[in-house]
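What follows is one structure encoded as structure tokens, with my remarks underneath.
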Amino acid sequence: MDHVDAPVLLEKSDGIGTVTLNRPKSLNALSEDMLAALQSTLDEIATDKAIKVVILRGAGSHFCAGHNLKEMTAQRGDADGGQAYFNSLFETCSRMMLTITQLPQPVIAQVQGIATAAGCQLVATCDLAVAADTATFATSGVNIGLFCSTPMVALSRNVSRKMAMEMLLLGEFQPAARAVEMGLINQAVPESELSEATRAMAAKIVSKAPVAVKIGKEGFYKQATMSLEAAYAFAGAAMAENMMARDTEAGIKAFLNKEPMPDWAEN
């Protein structure tokens with residue numbers, strides 16, 4: 001594990017990489033230090049074949065309160081009023097969000113407490129999400145005069161347009177049960193069962209052939225932006241590529257022969 005005082009901690013166990021946002025006193029806000037540490041950790045995970053799936057969680061009582069507004073406001077004294085800083089900050093955050101989507105490993109958000117603004121964006125960006133039934137979600141920037149434009153990108157790709165616009169324009173907190181209905185998260189469980197439920201989901205992914213998971217995640221996001229015709233052409237080529245993998249051949253053989261699935265290779 002990383003040094004316990006680091007902004008982000010990484011723990012590896014049983015094929016699962018658990019990433020912890022480690023600034024509970026600031027509700028794990030995405031400060032400059034937090035963003036840099038999270039980017040570095042994700043880059044490390046991307047090349048670690050021992051990690052098959054990632055759990056992203058927050059230390060303390062809350063998941064993530066979004067950007068650090070105090071840190072941002074301090075830049076108002078710059079000659080340009082902070083504009084260059086703000087552009088750089090949002091570019092840095094967007095790069096980190098894209099890295100999650102581009103990781104070969106699936107990422108599961110484990111959410112307790114609040115996930116608001118860029119924290120809600122972080123949940124929407126993850127491939128899967130499990131939350132405590134007491135967790136709440138909001139893109140609440142509109143309440144203080146700052147529309148959640150970057151959170152909108154991930155949110156609008158997870159929930160319907162009407163639901164996304166409701167969250168973005170009203171800025172109200174949504175309970176976990178409604179977040180499930182909206183498609184923002186996969187399931188809500190009692191808080192006492194949150195860690196166990198998230199790890200159980202992760203363990204199921206660990207049990208799958210890594211080559212299939214990697215091809216599948218990459219293909220999912222690529223085809224989502226294509227026309228229907230282009231998506232089928234791309235997906236067909238992806239399945240053909242998948243069929244050529246030794247693990248796939250072994251898995252199909254075991255299924256046809258009613259034998260146990262093989263031990264999958266590292267890649």
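Quick look at the values:
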read-out: Check on Val213, touching a Lys or Arg at 6+ places or on another chain (Cβ under 7 Å) and of a type in the set (A, V, I, L, M); value: no
read-out: Strands (runs of 3 or more DSSP E) within region 1-70 that include 1 or more residues more than 26 Å from Lys204 (Cβ to Cβ) and open to solvent by 20 Å² or more (accessible area, probe 1.4 Å); value: none
read-out: Selection count, region 74-129, where residues are out of contact with any His (no Cβ under 9 Å at 6 or more places or on another chain), in a helix (DSSP H, G or I) and not aliphatic (A, V, I, L, M); value: 18
read-out: So Lys204, is it modelled with pLDDT of 95 or more and not acidic (Asp, Glu); value: yes
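The values are calculated or read from the model by the stated rules, or taken from the named source; none is laboratory data. What you are looking at is a predicted structure, and each value in this text was computed from that prediction instead of being measured. Glycine also receives a Cβ, built like all others from the backbone with ideal geometry; neighbour counts cover every protein chain displayed. Just so you know, the surface numbers come from the protein's heavy atoms only, side chains and all, with ligands and any DNA or RNA stripped out. Shrake-Rupley method; radii C 1.70, N 1.55, O 1.52, S 1.80 Å.
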